[in-house]
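The values are calculated or read from the model by the stated rules, or taken from the named source; none is laboratory data. Remember, it's a predicted structure, so these values are computed and weren't measured experimentally. Virtual Cβ from ideal backbone geometry, glycine too; neighbours counted across all protein chains shown.
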Amino acid sequence: MGTNNNPLWKQLIAEKYGLEQSEWHTKYSKQPYGYSIWKGINKYTELFKSNCIFRLGDGTRISFWIDIWVGDQPLFQRFPAVYGVCATKNHTISQMYNVNAEIWELGITRRVHDNVISEIATLLHLLETNGVTPSSSADVRLWKDGHQAGEFTFKKCYQWLVTRNIVEENQTECVHPKIIWSKLWPAKVSFFLWLATKNKVLTQDKLIKRRWRDWANHCYLCINDEETSRHLLLHCSTAIYIWNFFKVEFHLNWVLPHSIHTALSTWPCSSIRSRKSLVIKALPVAILWNLWKERNRRAFKNKSSTTAKIIQSIKHIIAYWLYLQPEFQKISLKQFMINWKTVVFEPP
Ligand SMILES: [Zn+2]
């Protein structure tokens, strides 16, 4: 796809959806199930393509007429009369260039009007003056950034979409990525957090909305209220008890907010590394993750833990995540779990 490197995620997507002939993009899918996310992303493909330009290599992956590779617009737009009569509308550059004869073959096989001849002359002049002919290197796709073109980055693309009002830039709704994507806890926890901050965890309200479930919505922890991600993870009586328990234990001056993204954004973290500050950093993550795990135990395994046991599990998982950090050197996982208070609060 986009670039020449080939990480596993790209191989997976290519395998599942199949690639277009040029291999820059996947094919459009018409499958009804299991493809909705990718179909949603694909809606923006044409828009995305409009900001890409190509640096010519061997010309096997660039469309002569459609892609932007010489000048700043596609050749079919600049030379509509020639494009209208040529038989090479879907050709790549390499198919258009006769290497042995060193000439461009535009595929015009019939008599044409003067205006076409004049356009052909201008087109050939353009190709000649720019000295663009296929070479042996690979074609490269670049991202337009103002008047320049360079390597594609997600940041550049995001800013570009923001300036076109295609995505909204809303800093207050964003949790700083460092809070979510940390190496202290596993990636699956980060993904869960990311979904939780966007209110996209698959709680029952979401399942009912998608018609995947068709019975009364109730919270598995308190059985009283409806289950939404905010209720389950913040405002359920069990969740409130657990958040307050740790607030008191760590003397935190923090008020339980309305939303998960505010909870994480306002959580009192310190940039100074110490045992206590590392534990405080991991604490909201461990609370949210354990509430979610407990909910799933009750929903799918029909097993439940007491609130005291959930608090114990939160401490254990924090110990498990952190005991290899240098601050906890010479402290075993078992010591950390058993002597939590001594390990966290007392200096070594
Ligand atoms: Zn509840």
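Quick notes on this structure:
- Note on segment 220-232: among residues that are touching a helix residue (DSSP H, G or I) at 6+ places or on another chain (Cβ under 7 Å) and within 10 Å of the ligand (Cβ to nearest atom), the one that is nearest to Pro284 (Cα to Cα) is Leu232.
- Selection within segment 299-319 - of a type in the set (S, T, N, Q), out of contact with any Asp or Glu (no Cβ under 9 Å at 6 or more places or on another chain) and in contact (Cβ under 8 Å) with a residue 12 or more places away in the chain: Thr307
- Leading residue by the ranking (surrounded by the fewest Cβ atoms within 10 Å (Cβ to Cβ)) among those in segment 89-104 that are in a loop (DSSP other than H, G, I, E, B) and at pLDDT below 90: Asn100
- Ala216 vs. criteria out of contact with any Cys (no Cβ under 8 Å at 6 or more places or on another chain) and away from the ligand (no atom under 16 Å from the Cβ): no
- Matching residues, segment 38-83, being farther than 18 Å from Met96 by Cα and part of a loop (DSSP other than H, G, I, E, B): Lys43, Tyr44, Asn51, Asp72, Gln73
- Filter result (loosely packed, with under 15 Cβ neighbours inside 10 Å and farther than 25 Å from Ala308 by Cα) within segment 244-276: Thr266, Ser270, Ser271, Ile272, Arg273, Ser274
- Test: residue in segment 247-258 that is closer than 26 Å to Arg298 by Cβ, within 16 Å of the ligand (Cβ to nearest atom) and assigned to a helix (DSSP H, G or I): no
- For Asp145, the stated conditions do not hold, so it cannot be described as more than 17 Å from Ser50 (Cα to Cα) and charged (D, E, K, R).
- For segment 302-314, the condition of being at pLDDT below 90, of a type in the set (A, V, I, L, M) and under 34 Å from the mean Cα position of the chain (by Cα) holds for none of the residues.
- Only one of Ser237, Ser265 that is closer than 27 Å to Gln204 by Cα, within 15 Å of the ligand (Cβ to nearest atom) and among the small types (Gly, Ala, Ser): Ser237
- Pairing each residue of segment 219-248 that is acidic (Asp, Glu) with any residue that is more than 10 Å from the ligand (Cβ to nearest atom), provided the two are 6+ apart or on different chains, yields C-beta distances under 6 Å for Glu226/Asn217; Glu227/Thr203; Glu227/Gln204; Glu227/Asn217.
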